[in-house]
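In what follows, a structure is listed as C-alpha cells, so that the remarks can point back to it.
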Amino acid sequence: MNNEQLERTLGLLGEEYFEILKNKTILIAGLGGVGGTALEALARTGFNNFVIVDCDIVNLSNLNRQILYTLKDVGKSKVCAAEERLKALNESANVTKINKKINLESINEFNELKVDLIVDAIDDVKGKIALAKCAFEKDIPLITSLGMANRFDPSQVEVIRLDKTTNDPLARKFRHDLKAEGIDTSKIMTVCSKETPIKDGTKLNSTMMVPSTAGLCIANYVIQYFRK
C-alpha cells in the first residue's frame, strides 16, 4: 500500500504504532460473514501478513452477507477468493492459505506457523476447541466469535469474556468443552450478541449486519490489542 492509500489510517494511529501493526501476522480461521469482514477491515487498516484458513467453497447463498465475495467467486475455494481480494487491496500482502478443516488432528500442522494473534471465526465446536488449545499451548492471544445467525440487531454485538456470555447455545457448548479440557474460559475473549436468537425451525438465517458488525468488532479488538 502506498502512503496516499493509508494517509487517513496513519493520521489516526500514528506512524510508530502503524509500523507495529504492519509487521504483525494474524491468523483468521473461518472466512464467512464474521471472519471475512474482520480480514477485510484489517487489510484496509494496513496489516500486511495473514494466515487464512477455510475448507469451504464460495456458494451463491454466501453473497447476501459475506463481504469478500462476488458472483465471479462462486465455486472457488474461499481461501483463494480471499487471497485475490487481499491482493486487490494490497499487492504486497503476504498471505499463507490453508484449505483445511480445523480439528484436533489438523491443528498439529499449525505448530510451525509464527503468528501474533488468532481470530477464530468458525462455528464448529471441535475446531474452536482445537484453536483454543493451540493458542493456550503456544501463548498466542485469541479472540473467538460466537453465534451470529438468526439475529437482527447489530447494536447488541459486543466483545466480552467467554464466561460472561448469555443467550448463546454455541457459547454454552464451547464453555462446557473447554472446561473439560482444563482451559479457563475467563481468559478467552469473544465477540457475541446479547440478542436472543430468532428460531423458525428451519435453518440458520442471517443478513449482513450482525455478522459484519462482529467482524468489525474483532478487527477493532485486534488493532487495540497491540497497544498494550
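The values are calculated or read from the model by the stated rules, or taken from the named source; none is laboratory data. The shown structure was predicted, so the numbers you read here are calculated from the model rather than taken from an experiment. Neighbour counts run over all protein chains shown; Cβ positions are idealised from the backbone, glycine included. Heavy atoms of the whole protein, side chains included, go into the accessibility calculation; ligands, DNA and RNA do not. Shrake-Rupley method; radii C 1.70, N 1.55, O 1.52, S 1.80 Å.
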Open item on the list: Quick check on Tyr221: is it aromatic (Phe, Trp, Tyr), surrounded by fewer than 21 Cβ atoms within 10 Å (Cβ to Cβ) and within 19 Å of Gly36 (Cα to Cα)?
Closed with: yes
TODO: Among the residues of segment 116-145, write down those that are part of a helix (DSSP H, G or I) and either under 16 Å from Cys217 (Cα atoms) or open to solvent by less than 30 Å² (accessible area, probe 1.4 Å) (or both).
DONE: Val125, Gly127, Lys128, Ile129, Ala130, Leu131, Ala132, Cys134, Ala135
TODO: State the number of residues belonging to segment 75-103 that are farther than 26 Å from Ala135 by Cβ, part of a helix (DSSP H, G or I), in contact (Cβ under 8 Å) with a residue 40 or more places away in the chain and open to solvent by 60 Å² or more (accessible area, probe 1.4 Å).
DONE: 0
Open item on the list: Which count do you get for residues in segment 158-200 that are over 21 Å from Asn220 (Cβ atoms), surrounded by 15 or more Cβ atoms within 10 Å (Cβ to Cβ) and under 20 Å from the mean Cα position of the chain (by Cα)?
Closed with: 6
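Do we have Asp56 as acidic (Asp, Glu) and either in contact with a Gly (Cβ under 9 Å, 6 or more places away or on another chain) or within 20 Å of Ile223 (Cβ to Cβ) (or both) here?
yes
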